[in-house]
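Worksheet: one structure, shown below.
The values are calculated or read from the model by the stated rules, or taken from the named source; none is laboratory data. No experiment lies behind these values; they were computed from the predicted model shown. Here the Cβ positions follow ideal geometry from the backbone for every residue, glycine too, while neighbour counts run over all protein chains shown. These accessible areas exclude ligands, DNA and RNA; they are computed on the full protein's heavy atoms, side chains included. Shrake-Rupley method; radii C 1.70, N 1.55, O 1.52, S 1.80 Å.
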Amino acid sequence: MTATISKVDVVSLDEVSRVQPGRILNVVSVSFPATEATINFYMPGVEAGANIVALQYIDGQWVDVPVVEVRADHVVLGAVKNGKVAFVLK
């Protein structure tokens, strides 16, 4: 299966920060043709084992998305829906 990752047109970084304090690394839009997917995001500069939290904008609110693995330059998520995903370094 292939996931499509694209830039986000509009997102409130303040809203993300209120839900999950930390340094926002990136916000992207993800789309995949399934109900759930494990997706590997390339994130240059991320160190293996870094404390990264992922949030997804679902039904009008930011909710936690399972981070499956964090390794050098990669964050692997268990995505549950299409939509915006924010990565926050704790």
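Observations, loosely collected:
- Once both labels are positioned 7 Å from their Cα atoms along Cα-to-Cβ, the gap between V28 and K7 label points is 1.4 nm.
- Based on DSSP H segments of at least four residues, each scored -39500 (n - 2.57), the chain has a per-residue ellipticity at 222 nm of -2000 deg cm²/dmol.
- Measuring between their Cα centroids, region 1-26 and region 38-78 lie 11 Å from each other.
- S6 accessible area, assembled protein chains, probe 1.4 Å, Å²: 50 Å²
- Rough spin-label spacing in nm, given labels placed 7 Å along Cα→Cβ, for R71 and N40: 0.7 nm
- Probe 1.4 Å, accessible area per residue of the chain, Å²: 59 Å²
- Karplus-derived 3J(HN,Hα) values for region 24-37, using 6.51 cos²θ - 1.76 cosθ + 1.60 with θ = phi - 60°, are 6, 8, 6, 9, 9, 10, 10, 9, 8, x, 8, 7, 8, 7 Hz; glycine and proline are entered as x.
- Under Karplus coefficients 6.51, -1.76 and 1.60, residue-wise ³J(HN,Hα) of region 73-90 in Hz, glycine/proline x: 6, 9, 10, 9, 10, x, 6, 10, 7, 6, x, 6, 10, 10, 10, 10, 8, 7
- Charge dipole magnitude, Cβ of K and R +1, D and E -1 - region 29-90, Cα centre, debye nearest 20: 80 debye
- Share of carbon and sulfur in the accessible heavy-atom surface of the chain [1.4 Å probe, %]: 49 percent
- The accessible area of T2, taken with all protein chains in place and a 1.4 Å probe, comes to roughly 110 Å².
- Label-to-label distance for Q61 and K90 is 2.0 nm, based on points extended 7 Å past Cα in the beta-carbon direction.
- Close amide H partners of V8, meaning residues 5 or more places away or on another chain with modelled amide H under 5 Å apart, are S29.
- The chain: most fluctuating residue of L25, L55, L77 per GNM, C-alpha cutoff 10 Å: L25
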